[in-house]
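Student: One structure follows; several queries about it will come next.
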Amino acid sequence: MRPTASEEPTEPTDRRTRRRDATRERLLTAALELFASQGYAATTYDHIAERADVGRQTAFNHFRRKEDFVITWVRQRHELLDRRDAADTADATEPGPAIEALADELRTLADLNERDYALAKELHDSGVLHGAIDLRATPRAFVAAIDRGRRNGEIRADLDPETIADLLFDAYVTALSRWLQSDRGFPLAEALLTRLAVLANGFTPRGVPG
């Protein structure tokens, strides 16, 4: 008897999904390598498709605009923070201090930019990076850590976690831009942690009315 639709094996679909995801990741890797080595403006879809060993139309099917490669790269970094935060929270018997979690997340971002400096610098100087960072898409890991801090009394309960996270994300984006513009003229991680400390402690003396 022929199997019904609900009984059809799912493995072929799973294989197609895996192949599609592998092709997309290969295209992304090829594009980022080319952006770093020969420049964003000088890199074409033909170059990317050739490096990834796929047809030009396949590259277009996965990434409709060249900027989409950069947007995906930025998004993957934020998703990495989210996964690590979720894993750390799941493994812990009780959540650690929120400020330490935020500091670890900022260090991770600093390390990623140090590792991919040539790429980040090229994307910044070509004017693409700023547009690829969606300021409406603050990493959820920031929000989650701040929300935990509110619940355990570490962070003021009358403040909105999204607002605090947005302030921290804005500080990160600005520090990153200045760091890239200065050709690594200062330690990025140190600058980010300084900004976190200022946000956490405030910048007026204790007891001064607001």
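The values are calculated or read from the model by the stated rules, or taken from the named source; none is laboratory data. Just so we're clear, the structure is a prediction, and the values are computed from it rather than from any experiment. Ideal geometry is used to build each Cβ from the backbone, glycine not excepted, and the neighbour counts take in all protein chains shown. Accessible surface areas use protein heavy atoms only, side chains included; no ligands, DNA or RNA. Shrake-Rupley method; radii C 1.70, N 1.55, O 1.52, S 1.80 Å.
Student: Filter segment 1-40 down to the residues that are outside any helix (DSSP H, G or I) and modelled with pLDDT of 70 or more and list them by number.
Tutor: 39, 40, listed by residue number.
Student: Across segment 174-196, what is the total count of residues that are farther than 12 Å from residue 106 by Cβ and assigned to a helix (DSSP H, G or I)?
Tutor: 6
Student: While we're on this one: Kindly list, by first and then second residue, each pair from a residue in segment 160-175 that is buried (at least 16 other Cβ atoms within 10 Å of the Cβ) to a residue that is assigned to a helix (DSSP H, G or I) and among the basic types (Lys, Arg), limited to pairs with Cβ atoms under 8 Å and residues at least 6 apart or on different chains.
Tutor: Correct list of pairs: 161/150; 168/195; 171/195; 172/195; 175/195.
Student: Using the structure shown, decide if residue 87 is open to solvent by less than 60 Å² (accessible area, probe 1.4 Å), within 26 Å of residue 169 (Cβ to Cβ) and either in a helix (DSSP H, G or I) or of a type outside the set (Asp, Glu) (or both).
Tutor: So residue 87 passes the test.
Student: For segment 178-210, name all the residues that are modelled with pLDDT of 95 or more and surrounded by fewer than 15 Cβ atoms within 10 Å (Cβ to Cβ).
Tutor: 178, 181, 182, 183, 184, 185, 186, 187, 190, 194, 197, 198 - these are the residues of segment 178-210 that are modelled with pLDDT of 95 or more and surrounded by fewer than 15 Cβ atoms within 10 Å (Cβ to Cβ).
Student: Still on this structure, I have one more. Return the pair list, or none, for Cβ contacts closer than 6 Å from residues in segment 45-68 that are closer than 14 Å to residue 34 by Cβ to residues that are surrounded by 17 or more Cβ atoms within 10 Å (Cβ to Cβ) and β-branched (Val, Ile, Thr), at least 6 apart or on different chains.
Tutor: From residues that are closer than 14 Å to residue 34 by Cβ, the pairs are 59/48.
Student: Sticking with this one: Tell me which residues, restricted to segment 69-101, are touching a residue at least 12 places away in the same chain (Cβ under 8 Å) and either of a type in the set (Asp, Glu) or within 25 Å of residue 198 (Cα to Cα) (or both).
Tutor: 77, 78, 81, 82, 84, 85, 88, 95, 97, 98, 99, 101
Student: Still on this structure, please answer the following. Collect the residues in segment 32-63 that are surrounded by 15 or more Cβ atoms within 10 Å (Cβ to Cβ), among the aromatic types (Phe, Trp, Tyr) and farther than 17 Å from residue 127 by Cβ, keeping them in residue-number order.
Tutor: Residues satisfying the conditions are 45, 63.
Student: Something else about it: Taking residue 114 and the conditions (1) at pLDDT 95 or above; (2) surrounded by 16 or more Cβ atoms within 10 Å (Cβ to Cβ); (3) closer than 30 Å to residue 161 by Cβ, which numbered condition does it fall short on, given that it satisfies the others?
Tutor: (2)
Student: Taking segment 92-133 as the region of interest, how many residues are assigned to a loop (DSSP other than H, G, I, E, B), aliphatic (A, V, I, L, M) and more than 12 Å from the chain's Cα centre (by Cα)?
Tutor: Looking only at that region, the number is 2.
Student: Same structure again: Being closer than 18 Å to residue 75 by Cα and not in a loop (DSSP other than H, G, I, E, B) is the filter here; which residues of segment 134-161 pass it?
Tutor: 140, 141, 142, 143, 144
Student: Condition test on residue 132, is it open to solvent by less than 60 Å² (accessible area, probe 1.4 Å) and over 22 Å from residue 37 (Cα atoms)?
Tutor: no
Student: Moving to a separate point now. If a residue must be open to solvent by 70 Å² or more (accessible area, probe 1.4 Å) and more than 15 Å from the chain's Cα centre (by Cα), how many such residues does segment 135-153 contain?
Tutor: The total comes to 2.
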